[in-house]
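Trainee: Pasting a structure below so you can have a look.
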Amino acid sequence: MKPYIRKVQYYETDMMGIAHHANYIHWMEEARIDFMEQLGYPYAEMESHGVFSPVRSLACEYRHSCSFNDKIAVTVYVAAFNGARLVLRYEMKKEDLIVCTASSEHAFMDEKGQILRLKRAVPELSRKIELLCEHNGNPDQ
């Protein structure tokens, strides 16, 4: 999977010129949406078919700060998947420096809030995620 690339925007920085920590969570979401598009299953399309993926938890470890105009590469990896729960890992880098590592856990649900087994609901997507999980997020391995 290709990393999601974005530039830190001026409005995302504080008075010291440093990107506010809450922005990293937004970048995770942007990268996750890009990740799903790369898999061929955009969020909007999944939701139009009654499959939703709410966030259950997330964690971030901030290592280095980011400033306005820094180019950040966010790589998404599948850490765990059991068909109803997906754990993603994120590595955010500016150049070769890791600025943040993070994870998010997601459920798969229908429009009524009932847990979905992705293998039954969207088998092709389930297979793609399983493959990424087996190869630690890198399908080229």
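The values are calculated or read from the model by the stated rules, or taken from the named source; none is laboratory data. A quick note: this is a predicted structure, and the numbers were derived from the prediction, not measured. Note: ideal-geometry Cβ built from the backbone for every residue, glycine included; neighbour counts use all protein chains shown. Side chains are part of the model used for accessible areas, which takes the heavy atoms of the whole protein and leaves out ligands, DNA and RNA. Shrake-Rupley method; radii C 1.70, N 1.55, O 1.52, S 1.80 Å.
Trainee: Among the residues of the stretch 61-88, which ones are closer than 30 Å to residue 122 by Cα and open to solvent by less than 40 Å² (accessible area, probe 1.4 Å)?
Mentor: Correct list: 73, 74, 75, 76, 78, 80, 81, 83, 84, 86, 87, 88.
Trainee: Mind listing just one residue for me: the one in the stretch 1-54 that is of a type in the set (Asp, Glu) and crowded, with 18+ Cβ neighbours inside 10 Å and, of those, farthest from residue 121 (Cα to Cα)?
Mentor: The residue in question is 12.
Let's see how each residue does on (1) in a helix (DSSP H, G or I); (2) not hydroxyl-bearing (Ser, Thr, Tyr):
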| position | (1), (2) |
| --- | --- |
| 5 | no, yes |
| 11 | yes, no |
| 16 | no, yes |
| 25 | yes, yes |
| 30 | yes, yes |
| 36 | yes, yes |
| 41 | no, no |
| 46 | yes, yes |
| 50 | no, yes |
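Trainee: Among (1) within 13 Å of the chain's Cα centre (by Cα); (2) surrounded by 14 or more Cβ atoms within 10 Å (Cβ to Cβ); (3) touching a residue at least 24 places away in the same chain (Cβ under 8 Å), there is one condition residue 57 misses while meeting the rest; what is its number?
Mentor: Failing condition for residue 57: (2).
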